[in-house]
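Novice: What follows is a structure written as structure tokens; I'll ask about it next.
The values are calculated or read from the model by the stated rules, or taken from the named source; none is laboratory data. Keep in mind the model is a prediction, meaning the values are calculated, not measured. Positions of Cβ are backbone-derived with ideal geometry, glycine not excepted, and every protein chain shown enters the neighbour counts.
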């Protein structure tokens, strides 16, 4: 079957969209390739069609469970054998999937990038014939991209280890520098770098400079002056999405909020209501939109500044996929920069904390395990930063991840213990009796801690965990694991610990500077005196004289700088409250930077803990409920840090 026939038979299309055939030609010629197509450009077909023609399994790496589910459901509905392996599957579903994988039942398997860090999973894959590795959101591999994910950096090594013959990287947002990184990592040749234009002639780009207090009224008038139609309004913060949706509903507009803080079932219900047209207006954080395949979205509003031009391009790309005109408006206010910058400052680790974690990791024996959650809480570093640090140590050859495991297992017997034991020889019966005797009894479940049981019965944790998994595979027990820990193997120690530490400190500092530069690029775009499409496309290495239909081409000229609200004075009362906070000596606020982040309204692992109030008041409270939390959120971070340094030191 040639691919034109396969295209018609399996996907119902008689022709390819722009760029698809060229990418597929590269893959079927046994070459790795990069496809940079704008949002909605048809990237998925570039690996789904070859998957049907190649001999073996196509492994698809995708960062979002919802996206994986939608893709797999669509493929299965077309009669294509596809599956996903993610954390939402039950133990029985995962066991069934592994059996079918070994039997060669699938043409496509979707996994998260973190899954490939599991040594046991890679051992399973090594028994399967792998034809293609497709990496969605491939820009995540670039350390200097807008959405770096450390687990993507390890994909090159895993692809080599599994001897995958060809790799397809796909993204909707890659600057020339990021594209160069991707091609270098995966040895993609220039002729196999396929890129479509980011220009969408049916999207009208508008930038409207507004002060913060003007935005609600402006947006309301825009919506009231237009027919009610599918619209997404992007906000930076969850409470911003909530309050904006409430405001629009009070003004008789059918709006709902959407953000990661809502329960999963609520998010699904809202997304379904938007897709069906029941709720046409969504006020959302960036948690909404990935994988949304709704062709008739007529308007995208950025109520707040996006955090990068890459994010902005991806978000406006969800409008007008039917080819009809769509309105994309950015309400540009400089106030948003402080909030966005704070996310970046919150991710930069304290040098002393970084140094302490490195000591812990590199002073371990040969085999050890850690909980990123525990390290995060004890050193006040966000889990993503811990994972990034671990990835760099792996890439530099100091550590190797083995497999994750759980610190506790709740076990229920499918049949009585004596019948279960009858299937084993006397030696294994003795081992299992000791194991279950060492467990903590409950009403329905036994709770087994492999570490505690190992000490109690003199067997290794690995043997205990393997036994639990074996019994579960047989169907003799049901298991509920908890408390995930990641196993590591120490490969070598650094020759110069101080130099390694400084190199990593400098790396995180450069990432902070790079993220702040991306924010400035958004401001520069909003203030561009020339065509907005020309400004946007130049960021992605394209040239355009003018589009003729953006707000600049229509004659609107930008102000000299974006409007901003006046910054309030730091009063003596403010300083007194900060002094009181310092005198309370909270463990998570010991350094000037920790204090500055807290005063700026940034959460951190240690500032979400519970603290005790003086006698006579309520007994305990979250530290983020303190009166000083976010006291100086309207001030630039550097100013807050200067005050914090002077007050902590003195």
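Novice: Looking at segment 159-173, can you tell me whether even one residue there is touching a residue at least 40 places away in the same chain (Cβ under 8 Å), in a helix (DSSP H, G or I) and crowded, with 22+ Cβ neighbours inside 10 Å? Write out each step before concluding.
Specialist: Of all residues in segment 159-173, those touching a residue at least 40 places away in the same chain (Cβ under 8 Å) come to 162, 164-173.
From the residues that got through so far, the ones that are in a helix (DSSP H, G or I) too are none.
No.
Novice: Now a separate question. Keeping to segment 229-244, report how many residues are in a loop (DSSP other than H, G, I, E, B) and either touching a helix residue (DSSP H, G or I) at 6+ places or on another chain (Cβ under 8 Å) or modelled with pLDDT under 95 (or both).
Specialist: Residues that pass the stated criteria total 4.
Novice: Among the residues of segment 99-110, write down those that are under 21 Å from residue 74 (Cα atoms) and part of a helix (DSSP H, G or I).
Specialist: 100, 101
Novice: Name every residue in segment 199-227 that is in a loop (DSSP other than H, G, I, E, B), in contact with a strand residue (DSSP E or B) (Cβ under 9 Å, 6 or more places away or on another chain) and surrounded by 13 or more Cβ atoms within 10 Å (Cβ to Cβ), in order of residue number.
Specialist: Scanning segment 199-227 gives 200, 202, 210.
Novice: Residues that are more than 24 Å from the chain's Cα centre (by Cα), within 30 Å of residue 391 (Cβ to Cβ) and without any contact (Cβ under 8 Å) to a residue 24 or more places away in the chain: does segment 503-516 have at least one?
Specialist: Yes: segment 503-516 contains one or more residues that are more than 24 Å from the chain's Cα centre (by Cα), within 30 Å of residue 391 (Cβ to Cβ) and without any contact (Cβ under 8 Å) to a residue 24 or more places away in the chain.
Novice: Output the residues belonging to segment 589-624 that are modelled with pLDDT of 80 or more and touching a strand residue (DSSP E or B) at 6+ places or on another chain (Cβ under 9 Å).
Specialist: 623
Novice: Let me ask you something else. Just for segment 104-139: of the residues that are under 14 Å from residue 403 (Cα atoms) and over 20 Å from the mean Cα position of the chain (by Cα), which one is modelled with the lowest pLDDT?
Specialist: 119
Novice: Still on this structure, I have one more. Could you please find all residues in segment 533-557 being in contact with a helix residue (DSSP H, G or I) (Cβ under 7 Å, 6 or more places away or on another chain) and surrounded by 19 or more Cβ atoms within 10 Å (Cβ to Cβ)?
Specialist: 535, 536, 539, 547, 550, 552 - these are the residues of segment 533-557 that are in contact with a helix residue (DSSP H, G or I) (Cβ under 7 Å, 6 or more places away or on another chain) and surrounded by 19 or more Cβ atoms within 10 Å (Cβ to Cβ).
Novice: One residue is enough: does segment 563-576 have a residue meeting the conditions closer than 20 Å to residue 236 by Cβ and modelled with pLDDT of 90 or more?
Specialist: The answer is yes; a qualifying residue exists.
Novice: Kindly provide the set of residues from segment 328-372 that are in a strand (DSSP E or B) and either touching a helix residue (DSSP H, G or I) at 6+ places or on another chain (Cβ under 6 Å) or buried (at least 19 other Cβ atoms within 10 Å of the Cβ) (or both), ordered by number.
Specialist: Scanning segment 328-372 gives 328, 329, 330, 331, 332.
Novice: Only one of these conditions is not met by residue 386: (1) surrounded by 18 or more Cβ atoms within 10 Å (Cβ to Cβ); (2) out of contact with any strand residue (DSSP E or B) (no Cβ under 9 Å at 6 or more places or on another chain). Which number is it?
Specialist: Evaluating residue 386 over (1) surrounded by 18 or more Cβ atoms within 10 Å (Cβ to Cβ); (2) out of contact with any strand residue (DSSP E or B) (no Cβ under 9 Å at 6 or more places or on another chain) leaves (2) as the failure.
Novice: Any residue at all in segment 41-61 that is modelled with pLDDT under 85, assigned by TED's automatic domain parsing to the domain that holds residue 139, crowded, with 21+ Cβ neighbours inside 10 Å and not in a helix (DSSP H, G or I)?
Specialist: Scanning segment 41-61 turns up at least one residue that is modelled with pLDDT under 85, assigned by TED's automatic domain parsing to the domain that holds residue 139, crowded, with 21+ Cβ neighbours inside 10 Å and not in a helix (DSSP H, G or I).
Novice: Name the single residue, out of those in segment 503-553 being part of a helix (DSSP H, G or I) and touching a strand residue (DSSP E or B) at 6+ places or on another chain (Cβ under 7 Å), that is nearest to residue 593 (Cα to Cα).
Specialist: 526
Novice: Here is a follow-up. Specify which of the listed residues (458, 442, 475, 423) is touching a strand residue (DSSP E or B) at 6+ places or on another chain (Cβ under 8 Å), exposed (fewer than 12 other Cβ atoms within 10 Å of the Cβ) and not assigned by TED's automatic domain parsing to the domain that holds residue 88. Steps first, answer last, please.
Specialist: Details: 458 fails: touching a strand residue (DSSP E or B) at 6+ places or on another chain (Cβ under 8 Å); 475 fails: touching a strand residue (DSSP E or B) at 6+ places or on another chain (Cβ under 8 Å); 423 fails: touching a strand residue (DSSP E or B) at 6+ places or on another chain (Cβ under 8 Å).
When all the criteria are applied, what remains is 442.
Novice: Within the set of pairs 6+ apart or on separate chains, which have a first residue in segment 616-630 that is on the phi > 0 side of the Ramachandran plot, a second that is crowded, with 18+ Cβ neighbours inside 10 Å and at pLDDT 80 or above, and C-beta atoms under 6 Å apart?
Specialist: 630/601
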